[in-house]
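Read through the structure below, which is laid out as structure tokens, and then see the notes.
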Amino acid sequence: MLRVLMILVPLALSIYAFIDCITTQEKDVRHIPKPLWAILILLFPLVGSISWLIVGRDRNSTAGRMGGGSRRSGGGWVAPDDNPDFLKSLDEDKNQDDDQKRDEP
């Protein structure tokens, strides 16, 4: 089982880092160009992946990306339970339902 983990964990890390590198915008890539980062990740999977995740991309500008950071500051999508407008609409719907129940005989 340990042998399998020693293969699967670096493989999963490499796949994640490669996809993250490919989907990152060019302006968010630091130090070397994006194609070189992708080649580095493919040629040296463990070292390249860890390097990419630590120094390859600008973490501050990726706060609005899928899978990380707070989305409220970027004006992007917000989960329904964190969206004040959605919660307000639920309260309004509940109040309307209560009013309708009172009006019924």
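Applying the selection to region 44-76, what residues are at pLDDT below 70, at negative phi and in a loop (DSSP other than H, G, I, E, B)? Selection gives A63, G64, R65, M66, G68, S70, R71, R72, S73, G74, G76. Please find, within region 12-43, the residue that is modelled with the lowest pLDDT out of those that are open to solvent by less than 60 Å² (accessible area, probe 1.4 Å) and polar (S, T, N, Q). Here the answer is T24.
Of all residue pairs spaced 6 or more apart or on separate chains, none has beta-carbon atoms under 8 Å together with a first member in region 26-48 that is within 10 Å of S14 (Cβ to Cβ) and without any contact (Cβ under 8 Å) to a residue 60 or more places away in the chain and a second member that is of a type in the set (V, I, T) and assigned to a loop (DSSP other than H, G, I, E, B).
The values are calculated or read from the model by the stated rules, or taken from the named source; none is laboratory data. Keep in mind that what you see is a predicted model, and the values were worked out from it rather than measured. Reconstructed Cβ throughout: ideal geometry from the backbone, glycine too, with neighbour counts over all protein chains shown. Keep in mind that these areas ignore ligands, DNA and RNA; they rest on the heavy atoms of the full protein, side chains included. Shrake-Rupley method; radii C 1.70, N 1.55, O 1.52, S 1.80 Å.
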